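None of the figures in this text is laboratory data; all of them are computed from the coordinates on show. Owing to the predicted nature of the structure, the values given are computational and were not obtained by experimental measurement. Glycine gets a Cβ as well: all are built from the backbone with ideal geometry, and neighbour counts include every protein chain shown.
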Amino acid sequence: MGSFSIWHWLIVLVVVIAIFGTKKLRNVGSDLGAAVKGFKDGMKDGSSDAPAVPPQQVTANKVNDPNTVDVDAKTKS
């Protein structure tokens, strides 16, 4: 019951080809290859396009809201 033999895989391959056909499987393979290539190119290009300084946080106008607590960090002396 453990691993499948070569005959099991051949039968699965024949069934998949019978269901989907060779043309559709070829298209799926080429689409998958193009996706992997695009991902690798994106990872390569993404590292050089990263900004050196992170963008600053945008803060909204301060409104005296009773539910907002404004706390300043204090250092130990």
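Charge tally for Ser30 (other residues, Cβ to Cβ under 13 Å; Lys, Arg +1; Asp, Glu -1): +3. Length gained on full extension, Lys40 to Ser3, computed as 0.36 nm times the residue gap minus the Cα-Cα distance: 10.0 nm. For the pair Val28 and Val16, label points projected 7 Å from Cα toward Cβ lie 0.7 nm apart.
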